[in-house]
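To start, the structure itself, in structure tokens.
What follows is calculated from the coordinates using simple rules that are stated; it is not laboratory data. Bear in mind the structure is a predicted one, so any value in this text is a computation, not a measurement. Counting neighbours? That spans all protein chains shown, and the Cβs are built from the backbone with ideal geometry, glycine included.
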Amino acid sequence: MAMYAKVRRMRLRDGLSISEIARRTGLARNTIKGWLRESPRSQMKYQRLKKPKLIDRYTDWLRQALETDSRRPRKERRTALKLHAQLKAQGFGGSYSRVTTFVRTWRGQAGAVTARSAYVPLTFAWGEAFQFDWSEETLVIGGIWRKIQLAHMKLCASRAFWLVAYPNQGHEMLFDGGSGSRCT
């Protein structure tokens, strides 16, 4: 549409010859003559004819299969490739890309409605749970580099951190740091 308007402007407003317009635009002179002969139009009139697609006969089965699969666990769902193979067994002569296009649009429209979502709030009572880990750190104590074992605890209810340093790693560190006996 833009080229059509440009050609008409070049001829009617700028007064260029048909040969000059053809040279500047790269269009054939016959095309330019045809566009200039007809009355001005606001939109292009060509529309592709709506004809049935090969997949139209199988859309009900495909939609039902996708709805069934949406209720299954993710690993048990059929892929578009498997759906295409099942459709071929039923007599579908179309391409794989038609199936993937249908699946993509279904998931965008109806699939979003049937998708399950879960929300599990992480709330804890005071003293109910904590996370525990340890690490090895180096410190300068009295001008001497020392390795220490550090017990890390994060309280789940308050999200507060608690750190305790030990001279070496042993069961005592695990039992003492993890039990919270030093907590006051």
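General observations
- Model label sites at Ala5 and Arg37, defined 7 Å from Cα along the beta-carbon direction, differ in position by 2.5 nm.
- Along the chain, the longest continuous region that contains none of the GluC sites (Glu not before Pro) in a DSSP loop with at most 11 other C-beta atoms within 10 Å is 39-127.
- Debye intensity ratio I(q)/I(0), log10, the stretch 130-179, q values 0.29 Å⁻¹ (C-alpha model): -1.04
- Percent of C-alpha pairs per 10 Å bin in the chain, short distances first: 7, 17, 9, 8, 14, 15, 10, 8, 9, 3.
- Between Tyr166 and Tyr119, the modelled label-to-label distance comes to 4.1 nm, taking each label 7 Å out from Cα in the direction of the beta carbon.
- Radius 15 Å from Cβ of Trp61, net charge of other residues (Lys, Arg +1; Asp, Glu -1): +3
- About the centre of its Cα atoms, the chain shows a dipole size close to 2560 debye [charges on the beta carbon of Lys, Arg (+1) and Asp, Glu (-1) only; nearest 20 debye].
- Pairs of lysines in the chain whose Cα atoms sit within less than 22 Å of one another amount to 6, provided the residues are eight or more positions apart or on different chains.
- Loop-located trypsin sites (Lys or Arg not before Pro) in the stretch 60-91, at most 12 other Cβ atoms within 10 Å (DSSP): Arg71
- Applying the criteria of a DSSP loop state and at most 16 other Cβ atoms within 10 Å to the chymotrypsin sites (Phe, Trp or Tyr not before Pro) of the stretch 21-79 yields Tyr46.
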